[in-house]
Amino acid sequence: MSIDLPAGSPPARVAFYNDPKVRSIAYQVALCAVIGFFVYTAARNAIANLERAHIASGFGFWNTTAGFDISQALIQFDSQTSSYGRAFWVGLLNTLLVAGIGIVIATILGFIIGIARLSKNWLMAKVAAGYVETIRNIPLLLQLLFWYNAVLKALPEFRESFVVLGGVFLNNRGLFIPQPIFKSGYGWVLIALAAGVIGAIAFYVWARKRQERTGQQAPVFSMGLALVFGLPLAVLALAGFPLGFVFPAAGRFNINGGIEILPEFAALLFGLSIYTAAFIAEVVRAGILAVSRGQTEAAYSLGLTSGPTLRLIVVPQAMRVIIPPLTSQYLNLTKNSTLAVAIGYPDLVQVFTGTVLNQTGQAVEVVAITMVVYLTISLATSLLMNIYNSRIALVER
Amino acid sequence: MTIAEGDLAVSEIRFVRGATIAARPPPAAMTGALGWLRANLLSSPFNIALTILIALLLAWLIPELVKFLLINAVWTGSDRDACREVVQHREIGACWPFVWERWSYFVYGSYPIPQRWRVYVFFAMLAIGVVWLLWLLWLEAPRRDLGSVYFFVVLPITSFILLTGWSAIGLLPVDTALWGGILVTIVVASVGIVCSLPLGILLALGRRSRMPAVRLFSVIFIEFVRGVPLVTVLFMASVMLPLFVPEEYSPDKLVRALVGIALFASAYMAEVVRAGLQAIPKGQFEGAMALGLGYWQMMRLIILPQALKITIPNIVNTYIGLFKDTTLVFIVGIFDFLRTVEVARIDPKWAAPVTSTTGYAVAAIFYLIFCYAMARYARVMEARLAQGDKR
């Protein structure tokens, strides 16, 4: 079937302003112009405002002496000699420390609660559901303030500290635990640890190759455990335990020696782990539910028992669903650690975007650096995630 | 006489049942309360141990909570002495008189007392708007257009005039520095909710647009905002925004935080809406184009109604996150509900060991009720939407 056009009629024409191509270019040019105008005006205002406030822009402040103290520093930090740049690194390391430990705790707690929600035990399932519904629906900031002000700051004062075995003190200034001291010969233990890790990886690769070739399985898990933990312990024993402890001791006004865990750190860690665990629990539950019942039944009919079924059939498939949202929960935890500013834990935002910004007045530079740090963490994680996703994605047809 | 095989068989049968036997009841241990207990709590030694452990935990936790909130709680009093163990010589639970006295501060902050009727009117209008909106999302509601106009146009403008004041019609101007408490929490949350949906839709459409410049801008904006924590966005809004505008137009503190929250929420909303757009089959787009609809007509009449419908549960979940995130304005020095609790709790007049916990308990209950209600709504909506897909 065809449409007969009268012979000699001109081809259908549209006015140029109705041409989709022309329109699209016009819209884009207009958008760019508007954004450019905004950026230009903002920049001009910023320059004018900064000049009026006598603030020199630039990153010259980076090497200036900071002149303030930080309550928890993983690297040497001294208020007299250290620079703002060093304060930045101290803050960043503190952020990474609390995020790293928080991620480990939240993952363990989250997996336990997620699996508990699917338990056949009615009481267990209901308690886990109650935990998730309560914790998810209360703002994290409120939980942090509660842990800090109502729990940890309400601990007894220094004079009435809880003392455990004469070596561990707990009071409203923090938890004081013995600090291990490494004596000579400790290097051998470290070497043994490194050798154990390398050996475990090598054994895993070998076992996998052998299984692909012959179908025989090797005890990878117990062997790995023995190599990573057993070997260093054995060397430690051979070297005659070159390990001592500095015990915290109560002085008149303070506790000296040992490792001090600040209440700010503990409150942030509790809050972040407990809050994120509720979200991880939901991710885990959804992941396990996403593996269809037929997979388990098929595994049973192949003769696998319930242990290997879980380990070889259900968990690998559930992980495919769990890992991407799990990573975004890890990112959320890292981003939420900025709430440290509310309880005074010296993380990146509290030290850098708080104190350094207030002292230097370099708002644009400081906020930009902070954002770049978090953006880098986020983008790097999502890049790794995309690589992982493309590796484990289902290959269809 | 020989007996055929068949005859013998027949002669041996003495009884044939003519009717079916009624089913016997299952063993007593398998049904009723006992059976339920066995199946759900005591199915294996491990489960028995688990049940006992959790029961012990609950037996400790629940009485402690009830004791703190009700039995040992103080119900009347005028200052801190009513809530101190050293004065009262008994175990003290929650300090409710502290909450009664500070309640108006928790709700209005320092909003001038003679002008507080304006806050009431605002709350009432918002309640009407919310009910209307819920009805609006309840699929076959009539006059959806009026509802959305009310919620997205009428409500913001009248609330703004009502709360900030307008001398021309006799409403005294009230500085936003005086606003506080639940009022600010609700204002921040509503601004976030009202702004994030339209902005989020625009950004989501931009991200799926065929124009490279529009797409690039949307992607950069969305990924940038989603990659940084809300605290830094708020910091940026509160310290950098004043730099970017001429000094005489420098926005006040609350407006800066509102801008930060609105931008942040719209980036998250954009991703939620984009997920909905991606779920629409290509045939819907092609069908709309074949009917001769232009881009905006296609989006407004064909695509968005379907895409938004399936994303309603996720939109509500984003709103829950937004509502919890409003507490972060605390950090840039705005007196939201949590901040008023925080200020009241360190007031020397009520300084007692239980004051902090009482204040936090009230705040927790407030957020729990709101967020849980929204979560329930999202779940009911999800179930309702799934009905059509059931086979």
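Laboratory data are not the source of any read-out in this text; all were calculated from the coordinates shown. Worth saying up front: this structure is predicted, and the values here are computed from it rather than measured. We place every Cβ from the backbone using ideal geometry, glycine too, and count neighbours over all the protein chains shown.
What to note about this one:
- For A:S83, nonlocal amide neighbours, meaning residues 5 or more places apart or on other chains whose placed amide H falls under 5 Å from its own, are A:A66.
- Stokes-Einstein D (µm²/s) once Rh is taken as the Kirkwood radius of chain A over alpha-carbon pairs, at 37 °C in 0.692 mPa s: 122 µm²/s
- A full extension of the chain between B:A28 and B:R376 corresponds to an added length of 121.5 nm, given 0.36 nm per residue minus the alpha carbon distance.
- Per residue convex hull volume, Cα atoms of the stretch A:1-156, in Å³: 353 Å³
- Take the Cβ atoms of B:L134 and A:V246, set R0 to 60 Å, and the FRET efficiency comes out at 0.45.
- Listed peptides B:154-164, B:68-78 appear in the order B:154-164, B:68-78 once ranked by packing, highest mean of other Cβ atoms within 10 Å at the front.
- Based on the reciprocal of the average 1/r between different C-alpha atoms, the Kirkwood radius for the stretch B:342-388 equals 13.1 Å.
- Distances between every pair of Cα atoms in the stretch A:59-120, grouped in 5 Å steps from 0 to the bin holding the largest one, split as 4, 17, 18, 13, 10, 9, 7, 7, 6, 5, 3, 1, 0 percent.
- Under 21 Å of direct C-alpha separation, and excluding same-chain neighbours fewer than eight residues apart, B:K253 reaches these lysines: B:K324.
- Taking amide H as placed 1.01 Å from N in the peptide plane, B:L171 has its amide H under 5 Å from the amide H of B:W166, each at least 5 places away in sequence or on another chain.
- Gaussian network model of chain A, Cα within-10 Å springs - most flexible of A:L140, A:L231, A:L93: A:L231
- An ellipsoid equivalent to the stretch A:235-287, defined through the eigenvalues of its Cα gyration tensor, has semi-axes of 37, 24, 5 Å when rounded to whole angstrom and sorted largest first.
- Ascending count of other beta-carbon atoms within 10 Å, so fewest first, for B:M374, B:M289: B:M289, B:M374
- Over the protein assembly as shown: helical MRE at 222 nm, DSSP H runs n ≥ 4 each giving -39500 (n - 2.57), nearest 500: -20000 deg cm²/dmol
- Rg [Å, one decimal], Dmax [Å, integer] - the protein assembly as shown, C-alpha atoms: 32.7, 133
- Projecting label points 7 angstrom from Cα along Cα→Cβ for B:V153 and A:L74 puts them 5.5 nm apart.
- Within straight-line reach of B:K282, meaning a Cα separation under 20 Å, sit the following aspartates and glutamates at least 8 residues removed in sequence or on another chain: B:E271, B:D389.
- Backbone N atoms of the stretch A:343-376 closer than 17 Å to the 7 Å Cα→Cβ label point of A:A53 belong to residues A:352-371.
- Computed P(r) (all Cα pairs; the stretch B:44-94; 5 Å bins; percent): 5, 19, 17, 15, 10, 9, 8, 7, 5, 4, 1, 0
- Of the two radii for the stretch A:263-312, the radius of gyration is 1.31 times the Kirkwood radius, both from the alpha carbons; that is the Rg over Rh value.
- Evaluating 6.51 cos²θ - 1.76 cosθ + 1.60 at θ = phi - 60° for every residue in the stretch B:347-352, the Karplus couplings come out as 5, x, 4, 10, 5, 8 Hz, glycine and proline recorded as x.
- Inter-label distance, nm, simple model (7 Å from Cα along the C-beta direction), B:S104/B:L301: 5.6 nm
- Overall Cα dimensions of the stretch B:165-290 - principal axes, largest extent first, Å: 56, 32, 26
- Centroid-to-centroid separation of the stretch B:239-272 and the stretch A:112-139 [C-alpha atoms, Å]: 38 Å
- Ordering B:F160, B:L368, B:T318 by Cα displacement along the dipole of chain B toward the positive end leaves B:T318 in first place; charges were set at the Cβ atoms of Lys, Arg (+1) and Asp, Glu (-1).
- Mean per-residue shielding of peptide B:355-367 is 4, counting Cβ atoms of other chains within 10 Å of each Cβ.
- Straightening the chain between A:K209 and A:T41 buys 54.2 nm, computed as 0.36 nm per residue apart minus the Cα-Cα spacing.
- Space enclosed by the convex hull of the alpha-carbon atoms of the stretch B:245-286, per residue, Å³: 88 Å³
- Between A:F229 and B:V16, the FRET efficiency from the beta-carbon distance, with R0 = 60 Å, is close to 0.25.
- Backbone geometry of the stretch A:40-56 corresponds, through the Karplus equation with coefficients 6.51, -1.76 and 1.60 at θ = phi - 60°, to 3J(HN,Hα) couplings of 4, 4, 4, 4, 5, 4, 4, 4, 4, 5, 5, 4, 5, 8, 6, 10, 7 Hz, x marking Gly and Pro.
- Distance between the pseudo-spin-label points of A:R311 and B:I62 (7 Å out from Cα toward the beta carbon): 3.9 nm.
- Theoretical FRET efficiency, 1/(1+(r/R0)^6), r = Cβ-Cβ of A:E133 and B:I280, R0 30 Å, to 0.05: 0.40
- Reported value for the stretch A:85-172: 175 Å³ per residue, from the convex hull of its C-alpha atoms.
- Over the Cα atoms of the stretch A:159-280, the radius of gyration divided by the Kirkwood radius equals 1.16; this is the Rg/Rh ratio.
- Cα gyration tensor, the stretch B:16-58 - rounded (a/c under 1.5), prolate or oblate: prolate
- GNM on chain B, alpha-carbon springs under 10 angstrom: the most fluctuating residue among B:A237, B:A59, B:A275 is B:A59.
- Entries of A:K153/B:K349; A:K183/A:K335; A:K126/A:K153 with Cα pairs more than 30 Å apart: A:K183/A:K335; A:K126/A:K153
- Ratio of Rg to Rh over the stretch B:222-376 (Cα coordinates, Kirkwood Rh, two decimals): 1.12
- Ordering A:E133, A:E260, B:E12, A:E160 from the fewest to the most neighbouring beta carbons within 10 Å gives B:E12, A:E160, A:E133, A:E260.
- Shielding score for B:213-225, defined as the mean number of other chain Cβ atoms within 10 Å: 2
- Rounded to whole numbers, the Karplus 3J(HN,Hα) couplings from phi for the stretch A:361-372 are x, 7, 4, 4, 5, 5, 5, 5, 4, 4, 5, 4 Hz, using 6.51 cos²θ - 1.76 cosθ + 1.60 with θ = phi - 60°, and x at Gly and Pro.
- Largest GNM mean-square fluctuation among A:A53, A:A226, A:A66, using chain A with Cα springs under 10 Å: A:A226.
- For the stretch B:14-139, alpha-carbon Rg over 2.2 N^0.38 Å: 2.11
- The order of the peptides B:213-225, B:356-368 by mean Cβ neighbours within 10 Å, most packed first, is B:356-368, B:213-225.
- For peptide B:236-244, the mean count of partner chain Cβ atoms within 10 Å of a residue's Cβ comes to 6.
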